[in-house]
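Undergrad: Sharing a structure with you now.
Coordinate-derived values only; no laboratory data. In this text, all values refer to a predicted model and were calculated from it rather than measured experimentally. A quick note on method: Cβ atoms are made from the backbone with ideal geometry, for glycine too, and the neighbour counts reach across all protein chains shown.
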Amino acid sequence: MGKYDLATNLFEYTAKYVKACGKRSILETNVITRADTCGLKYVPKLGSDIASFSQGPLAKLFTKLDKATNYDDFTVLAHEIDFFQGSDAVKKNLIAKYIERYNKINYEYCLKNSHKPEEIIKNIFAKDLTPNEAKELCAKYKLILEEVDFETYVKKLIEQVKKDYGLEFLNIEARFRAKLSSGLGGNAGMSTNLDFMNIIYQNSPLNRVKFFNLVMHELKHAEQAALALAVNKDAYINALAQRARRIPQNAKYSITQLEKYYDKYFGEELIANIKAKYGTISEDSPLYKRGMDYIACTKNYENVGENFTETAFKQYKQQVNEKEAYYVSEQAVELYYLLKHII
């Protein structure tokens, strides 16, 4: 049978099948249901050879987005979308859905919980404010939110948050650099020496809220370091040195060399300012215990690293320093939506 005859026969059989189904067009036909072929000879077992799109990475991401309801969910998803290997169109769709879901859930949470500004501020800064004092502080943050330029916005935010943590004596430089990713996560990092903060970002509609919480998160770490220095400067510097020596490129240095490196950054003026903030701390006080907990956490600190997974993130968050800082992050997100959309 020639190619022409084969094509003609196929066309005729197809036309007959369409008519038999009561259709006028092939486009109107339904998908043929899979026949039960298990008992037939020479038929391979199906299942392992079939790729189910509904269980693929993309479908799982969309399912996670639909179910995302809290800070942890969105943090994990931001990383997973960053590393998702897909077309630009697919990734744009994922990002758009993430942004829509993030704004919707956080806005609805604010409406539902209706926490008072003074309650949230106390949770972040451990400051007992009257309703009027809280209103005045909120007005300052609302003014910062109106800043058009993003980098200026972050710089102003750092200065205000420093004051509210009682860390105005720290001279923290904001260092900005671009992040080659979806821009959903954003990243910030407080230097161990308390003299600069890395702001790693890409243009994103969520930059304002993400860095509102990231600045508060990182300055919480600065406050933790200040208390650790106030409680036992030598023990804290030793913890930093031991932590640094676990990094491969620092293995050539001794603990003593690393201690000397850190010690020069925590000079007399800084320590005097920290002592003035905390005063004399009794060894039987809760404040002293907190400072020692920070030192122990610093010494044994485990980072998530490049292999970010949901399990690794949960473990990372359980460390004392991170547990407190992430609690601040969650409260900061609520404060942002409260300031931006409700009060």
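Undergrad: For residue 260, list the aspartates and glutamates whose Cα falls under 12 Å from its own Cα; do not include residues on the same chain fewer than 8 positions away.
TA: Those aspartates and glutamates meeting the cut-off are 234.
Undergrad: If you don't mind, another one. Through the Karplus equation 6.51 cos²θ - 1.76 cosθ + 1.60, θ set to phi - 60°, convert the phi angles of region 259-264 into ³J(HN,Hα) values in whole Hz; use x for Gly and Pro.
TA: So the Karplus estimates, Gly and Pro as x, are 4, 5, 4, 6, 4, 5 Hz.
Undergrad: Let me ask something else about it. Would you kindly state how much longer the chain becomes between residue 312 and residue 296 on full extension, computed as 0.36 nm times their sequence separation minus their alpha carbon distance, in nm to one decimal?
TA: 3.8 nm
Undergrad: With r as the distance between the Cβ atoms of residue 111 and residue 163 and R0 = 41 Å, compute the FRET efficiency 1/(1 + (r/R0)^6) and round to 0.05.
TA: The pair residue 163/residue 111 has a calculated efficiency of 0.90.
Undergrad: A further question on this structure: 5 Å is the cut-off here: which amide hydrogens, built 1.01 Å from N in the peptide plane, fall below it relative to residue 187, excluding neighbours closer than 5 in sequence?
TA: When sequence neighbours closer than 5 places are left aside, the close amide H contacts are 200.
Undergrad: Okay, moving on. If you take the alpha carbon radius of gyration of region 56-111 and divide it by 2.2 N^0.38 Å, what ratio comes out, to two decimals?
TA: With N residues counted in region 56-111, Rg over 2.2 N^0.38 Å equals 1.10.
Undergrad: Place a point 7 Å from the Cα of residue 245 along the Cα-to-Cβ direction; which residues of region 291-307 have their backbone N under 14 Å from it?
TA: Of the residues in region 291-307, 299-300 have backbone N under 14 Å from the label point off residue 245.
Undergrad: Ranked highest first by average number of other Cβ atoms within 10 Å, how do 105-113, 251-259 line up?
TA: Highest-to-lowest ranking by the protection proxy: 105-113, 251-259.
Undergrad: Something else now. Quote the FRET efficiency, to the nearest 0.05, computed for residue 67 versus residue 268 with a Förster distance R0 of 51 Å and r equal to the Cβ-Cβ distance.
TA: With a Förster radius of 51 Å, E is 0.45.
Undergrad: Cross-chain or 8 or more residues apart, Cα under 14 Å: how many lysine pairs in region 56-111 fit that? Count them up, please.
TA: Summing the qualifying lysine pairs gives 5.
Undergrad: Still on this structure: Can you compute 3J(HN,Hα) from phi for each residue in region 300-309, using the Karplus curve 6.51 cos²θ - 1.76 cosθ + 1.60 with θ = phi - 60°, rounded to whole Hz and x for Gly and Pro?
TA: Each residue of region 300-309 in turn: 9, 4, 10, 8, 5, x, 6, 7, 6, 9 Hz.
Undergrad: Can you give the FRET efficiency to the nearest 0.05 for residue 91 and residue 135, using r as the Cβ-Cβ distance and R₀ = 51 Å?
TA: FRET efficiency, residue 91 to residue 135: 0.75.
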